[in-house]
Structure formats: C-alpha cells, structure tokens
Amino acid sequence: MENKCECKKTKKRSDSEYTSLVNRLNRIEGQVRGIKKMVESDAYCTDILVQVSAITAALNAFNRELLANHVKTCVADDIRNGKDETIDELVQTLQKLMK
C-alpha cells in the first residue's frame, strides 16, 4: 500500500496574484535560458555574472511578492481563526530565506 501524505497545504490564488507570479517566473525562465545561450556561445565571464545577478534580483523580487501575499492572506486568515502555529511556520520560513 502506498503511503500518501494527505497533509499538503494548498492555496487558491486570485487571478491577479497568479498572473503576476507566473509572469515573473516566465521572465526569470527566459533570463536563465539567455544565460545558457551565453555559456554555449562562450560569452565573457563578467557578462554572464552580471546576468546571473539580475536573475538573483528577480528571484528576490518574486520572493518578496509571494511572501507579502502569504502574510496578507494565509497568515492573517490563520491568526484570525486561532491557528497560532502559523506564526512559527512563518518564522521558520523567514529563517530559511535569510540564509
């Protein structure tokens, strides 16, 4: 018998949140493909590093948007419903993000 965890959390996002996040990820994906092409075409190291830095900034912006949405919706709703363990989960998430 397969041992399946039924405890995974999910979140239904608004259309605007979904669109914004997916658009950001599509741009990041395009940037990563661009760096791959740069490596394949023997681009200069510094030029590649600058593009990697741009991707890092884009991922950080994605994280900030997702985190803000998470706090405004999931965390706030859970606290209103008496689920204080969500605060511990948020603290653990923030610690992971700050490594």
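Some notes on this structure:
- Residue among A61, A68, A54 that alone is among the aliphatic types (A, V, I, L, M), surrounded by 12 or more Cβ atoms within 10 Å (Cβ to Cβ) and either modelled with pLDDT under 95 or within 14 Å of the chain's Cα centre (by Cα) (or both): A61
- Residue match in the stretch 41-63 (condition: closer than 30 Å to K9 by Cβ and touching a residue at least 40 places away in the same chain (Cβ under 8 Å)): yes
- Of the set (1) within 25 Å of L94 (Cβ to Cβ); (2) exposed (fewer than 15 other Cβ atoms within 10 Å of the Cβ); (3) aromatic (F, W, Y); (4) touching a helix residue (DSSP H, G or I) at 6+ places or on another chain (Cβ under 9 Å), all apply to Y18 but (4).
The values are calculated or read from the model by the stated rules, or taken from the named source; none is laboratory data. As the structure is a prediction and not an experimental result, all values here were calculated from the model. Using ideal geometry, Cβ is built from the backbone for each residue, glycine included, and neighbour counts are taken over all protein chains shown.
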